[in-house]
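To start, the structure itself, in structure tokens.
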Amino acid sequence: MSSARCRQIVLGIGNAERSDDAAGRAVARLLQGRLPDDVEIAEFEGEAMELLARFEGADAAFLVDACWSG
């Protein structure tokens, strides 16, 4: 049995400069210190291609974002 750990990342997405509520980034800040140490928590405000690069090598990725529709 392998002792290798899964690489897990939580990405909080948002950009207040783009009239975004940046809710995902706020959630990422709230999660700091509340998840196991081996879970990477990061804030993200860039473009889609940069977002895809963040997933590289991850076994699991959790995106936190918000949108308004209607």
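The values are calculated or read from the model by the stated rules, or taken from the named source; none is laboratory data. All values derive from a computational prediction rather than experimental measurement. As a convention, Cβ positions derive from the backbone with ideal geometry for all residues, glycine included, and neighbour counts pool all protein chains shown. The accessibility values were calculated without ligands, DNA or RNA, using every heavy atom of the protein model including side chains. Shrake-Rupley method; radii C 1.70, N 1.55, O 1.52, S 1.80 Å.
Remark: the chain carries 75 Å² of accessible area per residue (probe radius 1.4 Å; ligands, DNA and RNA excluded).
Stretched out straight at 0.36 nm per residue, the stretch from Glu40 to Leu52 would grow longer than its current Cα-Cα span by 2.8 nm. Computed over protein heavy atoms with a 1.4 angstrom probe, the accessible surface ordering of Leu11, Leu51, largest first, is Leu51, Leu11. In terms of the mean number of neighbouring beta-carbon atoms within 10 Å, the peptides 39-45, 52-58 order highest first as 39-45, 52-58. Each Lys or Arg adds one and each Asp or Glu takes one away; over the other residues whose Cβ falls under 11 Å from the Cβ of Ala22, this sums to -3. Per-atom-type breakdown for the chain gives carbon and sulfur 53% of the accessible area (1.4 Å probe, protein chains only).
Each principal axis of the Cα cloud of the chain was evaluated for its coordinate range; sorted largest first, these ranges are 49, 27, 22 Å. Mean separation of Cα pairs under 8 Å and 6 or more residues apart, divided by the residue count, gives the chain a relative contact order of 46 percent.
The charge dipole of the chain, taken about the Cα centre with unit charges on the Cβ atoms of Lys, Arg (+1) and Asp, Glu (-1), comes to about 240 debye, rounded to the nearest 20.
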